[in-house]
Amino acid sequence: MQLHPLDRLFNPKSLAIVGASRRAGSVGKLVLENCLEGQFSGGLYAINPAYDEIDGVPCVPALSDLPETVDHVVFALSDSRIEAAVDEAIAHGIKSCTLFSSLILEDDTHPPLRERIEQKLKKANVLSCGGNCMGFYNFERGLWASGFDTRHHRQHGNVSLISQSGAGMCSILDSDERIHFNFAVSSGQELTVSMEDYLDYFLEQTSTRVVGMFMETSRQPEKFIAALKKAQAKGIPIVVVKVGRTALAAKMAVSHSGALAGSDDSYNAIFERYGVQRVDDMDQLATALIMFAQPSALGEGGVVSLHDSGGERQLTIDLADQLGVPLTQLGSEAVASLEGLLDPGLPAVNPLDAWGAGGIDAAQQMQNCFSALLKDPQAALGAVIHARAPHGQIYPDYIEYLKAGQQSSGKPVFLVAARQGTGSDDLVISSTDAGLPVIDGVSQFLIGARCMINHRNFLGAAPIVPPVLNAERLSHWREILASDLELGETEASDLLADFGIPMVRSTRIDSREALMTLSDSVSFPVVLKTAEPGIDHKSDVNGVKLDLQTPEALLAAYDDVSGRLGDRVMVAPMLHQSGIEMILGIAHDEQFGPMVVMGMGGIYTEILGDAIIAVPPFDAEAAKGYVDKLKMRALLDGARGEPPMAVDSYCEAAANLSAFALAFGDLIKEIDINPLKLTNDGCMGLDALIVKRD
């Protein structure tokens, strides 16, 4: 079996700690203690001229004094000493290393220390974790290559963790004994090994069931996409906390499409396309990891839940609606079964309040009700949502409910505390380890359930079959776009129409005489717009004249526009059909390339920014899913007696534009079709702006 390139980092046969120390609390002491605590099975050495052994580990003055060439070196040194130590390690013949230091010197030379270290490591083909990181853990090998204290960990786990923040790794790694890891890494500066490399490696491990990530950015987007595709193929969920929501990728965008597509929108589009489950904070991340790590597979449908309180049952209904979590509507068989179990006056519905008169058989009745809920074919997973016992503990009877429900259905089950605080109870740990997780907080559980259901739906979705573009027309227009030929609105509309995006066609005029000739052949009413180069937003300069009913009105409009803006104009039919203005466009993301923009157009673009960013290519069916996420989606179904809009035609145009986006992504930076009029019998682009790439 061929080894993964990162095996050199995660599976060294021997390890040396340069800067090992006996001083309590020092990094050199903590790294050594971690390696001993993890029971690293390879050769372990300490490097420090001040000692001959530390905690029973042999210590020598320098790497050259070792009896063997070690595979991995952990540098527990300050920035002022790191460069010489790296040089010595490279000369020694190491294959990998860990760098905690920030690699910043106060009075540095050029190139700076970080760049020098990076160049040295790459030239020597040495893999490095860091710098400016908190190290990594291979719990399967007992290799705890970290200079910071941690909790007790089991040798075998199924959760992999990648964090571009050092504290982000520790806050998950050390926060909860319900999560068992196989690997964890703080990637730091990613000098020679990137976040994408770690992700690819963890996905290749047979023990990995779920990957959690604290993510700042992707430094290698193509590798990131390849790893996400691998996760999809293997069915491994990825749960991400992504920071940096407010940074815009294109502050100087020319079009509305470019302005709408910020960097965070592009990441959302990538996550949507490849089934990555995004959560908002570390609590949600930890909860989702606990839930994904349990062994049972989801059923069809939504959530069922058992309660002993009508008020808390109603709270769950409210929260599920707010968070977009589907609750199962029970079938007739489950209803009949529950009606035979429940006390009089308790309705057989989901979520279920099953606590009646109480009594000696109450626990058995609750247990039976939970099993009946889970047996419903549309129950994907189940939760017992009860309050905690005193002192932050839980009642053992509740675990029996879970066992019965899981044994009767084979589906995931969870005990959900009404609020946080149960993580320190030994029964919480043992129950979670047994595949019956205990979760803190109803909202946290529901967000985790949403992640699980969304991932199930993603894996079960039909494959995307994007449109195929005409090769001859593709070659023709690529030649035009690669030339210096000006691409005005008339040419832009012709180009888009050639690839299945319905557009109003216009005629360009360069003089009053030509306009007089044209006015004899057009059908009124018409629209006149300036066609002068450099005017991208024509309405901003009063360069658009609408609903011109006669030749005289057309000439008067021309005289006004040409007198202020120049002789070049275009004339197009005026569409009077009622409908809704949409936007359709392309924006270029600096990391991930072309993205398709779909949303509400006209004034809604300016005021609401109600748009979705999607990764091309996609088909019309996928486009429908994107449209359904718009805030004003209900408008498209008809309002106040208006007929429903032909959404399918808009989705087909969007799918065609998505194929277009990839075919011309190297030549086109932005496209704006705004507005695109959507009516009850089709759609039509009224205005088009194309911005070529430099």
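The values are calculated or read from the model by the stated rules, or taken from the named source; none is laboratory data. A quick note: this is a predicted structure, and the numbers were derived from the prediction, not measured. Cβ atoms come from the backbone with ideal geometry, glycine included; neighbour counts cover every protein chain shown.
Scoring Leu306 on the criteria (1) touching a residue at least 60 places away in the same chain (Cβ under 8 Å); (2) over 20 Å from Pro396 (Cα atoms); (3) of a type in the set (A, V, I, L, M, F, W, C) leaves a single failure, condition (2).
Taking the criterion of being buried (at least 20 other Cβ atoms within 10 Å of the Cβ) and closer than 15 Å to Phe10 by Cβ, the residues of segment 170-194 that qualify are Phe181, Asn182, Phe183, Ala184, Val185, Ser186, Ser187, Thr192, Val193.
Residues in segment 331-348 that are within 16 Å of Gln365 (Cβ to Cβ) and touching a residue at least 24 places away in the same chain (Cβ under 8 Å): Ala334, Ser337, Leu338, Leu341, Leu342. Within segment 431-460, no residue satisfies the criterion of being modelled with pLDDT under 95 and over 30 Å from Ala387 (Cα atoms). Could you list, in sequence order, the residues of segment 386-401 that are surrounded by fewer than 24 Cβ atoms within 10 Å (Cβ to Cβ) and either hydrophobic (A, V, I, L, M, F, W, C) or part of a helix (DSSP H, G or I) (or both)? Listed by number, the residues that qualify are Ala387, Ala389, Pro390, His391, Gly392, Ile394, Pro396, Asp397, Ile399, Glu400. Residues of segment 448-507 that are of a type in the set (Ser, Thr, Tyr) and not in a helix (DSSP H, G or I): Ser483, Ser506, Thr507.
For first residues located in segment 212-239 and assigned by TED's automatic domain parsing to the domain that holds Phe202, partners that are assigned to a helix (DSSP H, G or I) and β-branched (Val, Ile, Thr) and lie 6+ apart or on another chain with Cβ distances below 7 Å form the pairs Gly212/Ile172.
Listed here are the helices (runs of 4 or more DSSP H) enclosed by segment 536-640 that have at least 1 residues being surrounded by fewer than 20 Cβ atoms within 10 Å (Cβ to Cβ) and modelled with pLDDT of 90 or more: 551-565, 620-627.
Within segment 349-373, restricting attention to residues that are touching a residue at least 40 places away in the same chain (Cβ under 8 Å) and in a helix (DSSP H, G or I), the residue that is nearest to Ala387 (Cα to Cα) is Met366. Note on segment 339-363: residues that are modelled with pLDDT under 90, over 19 Å from Lys403 (Cβ atoms) and among the aliphatic types (A, V, I, L, M) total 2. Across segment 22-42, not a single residue is classified as part of a strand (DSSP E or B) and either surrounded by 15 or more Cβ atoms within 10 Å (Cβ to Cβ) or of a type in the set (Phe, Trp, Tyr) (or both).
Being at positive phi and over 42 Å from the mean Cα position of the chain (by Cα) is a condition met by no residue of segment 36-43. So which residues in segment 110-151 are closer than 24 Å to Ile290 by Cβ and free of Cβ contacts under 8 Å to residues at least 24 places away in the same chain, if there are any at all? Listed by number, the list is empty, since nothing qualifies.
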